[in-house]
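A quick write-up on the structure given underneath.
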Amino acid sequence: MNMRKNLCLSVMMFVLPATLLAAITDMKFRRLDTRDGLSNSQVLCVHRDTKGFVWIGTSYGLNRYDGYRVKSFYSEIRDTTTLRSDYVGEIIEDADGKLWLGQSMSYCIFDPVTEHCDRHPERWLEEHGVTGGLEYLFVDSKKEFWVKTYNDGFFHLNPTNGHVKKFPFGYDEQEFVQEIGVSGMAEFGNLVALASNKGEVITFDRERDVIFSKDSYLPRNGLTHDQDCKPRYDREGNLWI
């Protein structure tokens, strides 16, 4: 019995690496750098849009790659239809195919069709019921917006049906603590989790539009300084910070 087990394990140990090796050798890579037209070699984010274009944000410019060539976009002081700045640290696509660009402490909206940029995304948000200066933005897989503003609360916006839910600043169960700095957000099913830069976790129930839970495990166990705490759900629904 033990010999059978050992033989089975040995076969698996030899077969598994061979399978992985075959998969790896089939992979092909192509390197993109400034010689191919990339605006800068310091890549901060990559996003493939619904039309198949690959957008690459760098510390100096936004790049669009179509599989053959790279086109770059920059900020020009005298042209208000260009990027707010040349630093592009985040690329988020909304339901209309427009790209929300995180540019250091601010955002702008880039239209891939006109190749023009709106440097005042707070106007669009205000038209849809989200008031206050834009501090943090997350667009989930259903293209619904989760927005923290500087001075007017935390918002959940569904642009498709116009529904807006506001979580006012405060310390009650269904209120959002204004001092919490959002580090990242993730989703699993109807749950949307937010991690602060000090490790607090706030979980929203998207369907019921309520705060499902609040947890301060990491701060209670020594994480007190500002950190880049990114939440990720695995396939089983476990949340990793």
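The values are calculated or read from the model by the stated rules, or taken from the named source; none is laboratory data. Remember, predicted model here, so these are calculated numbers, not experimental data. No Cβ is skipped: glycine too gets one built from the backbone with ideal geometry, and neighbour counts run over all protein chains shown. Remember, those area values only see protein heavy atoms, side chains included, never the ligands or the DNA or RNA. Shrake-Rupley method; radii C 1.70, N 1.55, O 1.52, S 1.80 Å.
Among the aspartates and glutamates, which have Cα under 14 Å from the Cα of Lys214 when same-chain residues fewer than 8 positions away are ignored?
Within the straight-line limit of under 14 Å, Lys214 reaches these aspartates and glutamates: Asp172, Glu173, Glu175, Glu200, Asp205.
Give, as a single signed number, the net charge of other residues whose beta carbon lies under 13 Å from the beta carbon of Ser59, with Lys and Arg counted +1 and Asp and Glu -1. Numbers along the way, then the final one.
Working: positive: none; negative: Asp86, Glu90.
Within the 13 Å Cβ shell, the charges total -2.
Based on alpha-carbon centroids, what's the gap between the stretch 192-239 and the stretch 39-65 in Å, whole number please?
28 Å
Quick one: in the stretch 89-152, what % of C-alpha pairs are over 20 Å apart? The partial results should precede the final answer.
Details: 384 of 2016 pairs.
That tail contains 19 percent of the Cα-Cα pairs.
Mind checking the per residue accessible area of the stretch 104-228 for me, 1.4 Å probe, whole number of Å²? Working shown, then result.
Working: 6310 Å² over 125 residues.
Counting only protein heavy atoms, the per-residue value for the stretch 104-228 is 51 Å².
Grab the eigenvalues of the alpha-carbon gyration tensor for the stretch 82-241, scale each by 5, take roots, and send me the semi-axes largest first in whole angstrom.
Numbers: eigenvalues 132, 61, 50 Å².
Listed largest to smallest, the semi-axes of the stretch 82-241 are 26, 18, 16 Å.
Local charge sum around Met105 (other residues, Cβ-Cβ under 14 Å, Lys/Arg +1, Asp/Glu -1)? Intermediate results must be reported in sequence, preceding the final value.
Working: positive: Arg84, Arg119, Lys148; negative: Glu90, Glu122, Glu135.
Once positives and negatives cancel, what remains is 0.
Summing Lys, Arg as +1 and Asp, Glu as -1, what charge do residues with Cβ under 11 Å from the Cβ of Gly181 carry, Gly181 excluded? Display every interim value, and only then the final one.
Details: positive: Lys148, Lys198; negative: Glu135, Glu179, Glu200, Asp226, Asp228.
Value of the local net charge: -3.
What's the Cα-based Rg to Rh of the stretch 143-206, Rh via Kirkwood?
Values: Rg = 11.5 Å, Rh = 12.2 Å.
Reported Rg/Rh (Cα atoms, Kirkwood Rh): 0.94.
Quick one: which of 64-70, 152-158, 205-211 comes out on top by average Cβ neighbours within 10 Å, and what's the full order, highest first?
Details: 64-70: 12.4, 152-158: 19.9, 205-211: 14.0.
In decreasing order of mean packing, 64-70, 152-158, 205-211 become 152-158, 205-211, 64-70.
Could you work out the helix-only [θ] at 222 nm for the chain, with each DSSP H run of four or more residues adding -39,500 (n - 2.57) and the total divided by the number of residues, to the nearest 500 deg cm²/dmol?
Details: 3 runs with 35 residues, N = 241.
Mean residue ellipticity at 222 nm (helix-derived): -4500 deg cm²/dmol.
Do the alpha carbons of any pairs in Lys143/Lys198; Lys71/Lys143; Lys98/Lys143; Lys166/Lys230; Lys51/Lys143; Lys198/Lys230 sit beyond 18 Å of each other, and which pairs? Mind showing how you got there, number by number?
Details: Lys143/Lys198 27 Å; Lys71/Lys143 26 Å; Lys98/Lys143 11 Å; Lys166/Lys230 23 Å; Lys51/Lys143 16 Å; Lys198/Lys230 11 Å.
As for pairs spanning more than 18 Å Cα to Cα, those are Lys143/Lys198; Lys71/Lys143; Lys166/Lys230.
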